[in-house]
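Report on one structure; see the data block that follows.
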């Protein structure tokens, strides 16, 4: 059999070769071609299926990340707006008489304690990068629970709010009074 020079010659040679074959040979070649075609289709399907499966896993992961991101963005927005509100609240606070004098006035006016209290100043600390925290420890004894509540409310919600970072209430032995110890801080923008 000589080598074909173009496609039409190759097709003519293939037809002649098939015509010379017996029925059994044609059947075997047909079954062989069908098996090869089937194996090729299975291989192609496996590759496509694996690709779709990995894409499905990736899409599921991305959807989960998107839901997490949405939740985190909502949380970030709430925290940021809360931070901005707190900054605005403290930005306008100017305690001209000093924090020590302000605390002393609050104790006398709202806690109804005229004497026997102590206010000690602790070293200032950095607070959130742009701010300074000026902590004070206040100690006094009271018998008037309502006055104590008014005092604490005035510290946090009054016109010159301070931050309460620690509060210890201890019932005095043998008396109907409370020993109060609290750490109060003034927050101011760092210069």
Worksheet item: Which residue fluctuates the most in the chain, going by a Gaussian network model with Cα springs under 10 Å, if the choices are 158, 116, 38?
Response: 38
Discussion item. For the chain, take the longest principal axis of its alpha carbons; what is the angle in degrees between that and the long axis of helix 23-91, to the nearest 10 within 0 to 90?
Written reply: 10 degrees
Discussion item. Give me the extension gain from residue 114 to residue 59: residue separation times 0.36 nm, minus the current Cα-Cα distance, reported in nm with one decimal.
Written reply: 13.0 nm
Practice prompt. Let me know the shape class of the stretch 99-189, please: from the alpha-carbon gyration tensor, a ≥ b ≥ c as square roots of the eigenvalues, rounded when a/c is under 1.5, otherwise prolate if a/b is greater than b/c, or oblate.
Written response: prolate
Worksheet item: Sorted from fewest to most neighbouring beta carbons within 10 Å, what does the list 140, 52 look like?
Response: 52, 140
Item to complete: Specify, per residue and in Å³, the volume enclosed by the convex hull of the alpha carbon atoms belonging to the chain.
Response: 305 Å³
Discussion item. Please compute the contact order of the chain in relative form: average sequence separation of alpha-carbon pairs under 8 Å and at least six residues apart, divided by the residue count, as a percent.
Written reply: 16 percent
Worksheet, complete the sentence: Taking r as the C-beta separation of residue 183 and residue 67 and R0 as 41 Å, the FRET efficiency to the nearest 0.05 is 0.55
Response to the item:
Computed from the beta carbon distance with a Förster radius of 22 Å, FRET efficiency for residue 36 and residue 8 to the nearest 0.05 stands at 0.30
Discussion item. If I fit a long axis through the Cα atoms of helix 7-19 and take the longest principal axis of the Cα atoms of the chain, what angle between them do I get, 0 to 90°, rounded to 10?
Written reply: 70 degrees
Practice prompt. Please give the calculated 222 nm ellipticity per residue for the chain, where each DSSP H segment of at least 4 residues contributes -39500 (n - 2.57) and the sum is spread over every residue; nearest 500 deg cm²/dmol?
Written response: -20000 deg cm²/dmol
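What is the stretch 1-92 by shape, rounded, prolate or oblate, if you read a ≥ b ≥ c off the alpha carbon gyration tensor as root eigenvalues and call it rounded for a/c under 1.5, prolate for a/b larger than b/c, and oblate otherwise?
Values: a/c = 13.08, a/b = 4.54, b/c = 2.88.
Verdict is prolate for the stretch 1-92.
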Practice prompt. Take the chain, connect every pair of alpha-carbon atoms lying under 10 Å apart with a spring to form a Gaussian network, then pick out the residue of 15, 78, 108 with the largest mean-square fluctuation.
Written response: 15
Worksheet item: Angle, helix 99-109 long axis vs. longest principal axis of the chain, Cα atoms, 0 to 90°, nearest 10?
Response: 60 degrees
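Bear in mind these aren't lab numbers, they're just calculated from the coordinates by the rules spelled out. From a predicted model like this one, the values you see are computed outputs, not experimental measurements. As a convention, Cβ positions derive from the backbone with ideal geometry for all residues, glycine included, and neighbour counts pool all protein chains shown.
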